[in-house]
Amino acid sequence: MDFGPSRDRLPTIQLSSAAMIRLRDEHTNLTFLLVNGQSLNGQVKWFDETTINVLADDGSELTLFKHAIVYYKQG
């Protein structure tokens with residue numbers, strides 16, 4: 001029996017595939033704010049249903065779980 005989404009979890013970001021494809025293809029610089037308070041600047045390299053791979057400004061490559069991202073913005 002499914003009672004729907006749990007109310008005690010933080011909301012996750014729901015990005016449309018088209019929006020993520022555009023951000024990836026245009027190499028748009030994004031700032032991600034994570035649930036632990038850290039922020040990360042970089043470009044989307046690839047993504048799937050649960051993760052986003054980011055090429056950070058310092059050259060490192062990180063895979064972020066979407067549920068760990070509070071929000072993202074361009075710039």
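Coordinate-derived values only; no laboratory data. Bear in mind that the values here come from a model prediction, so they are computed numbers and not experimental data. Positions of Cβ are generated from backbone atoms using ideal geometry, with glycine treated the same way; all protein chains shown enter the neighbour counts.
Label-to-label distance, Glu49 versus His67, with points set 7 angstrom from Cα along the beta-carbon direction: 1.3 nm. Cα extents for segment 26-75 along the principal axes, largest to smallest and rounded to whole angstrom: 23, 22, 18.
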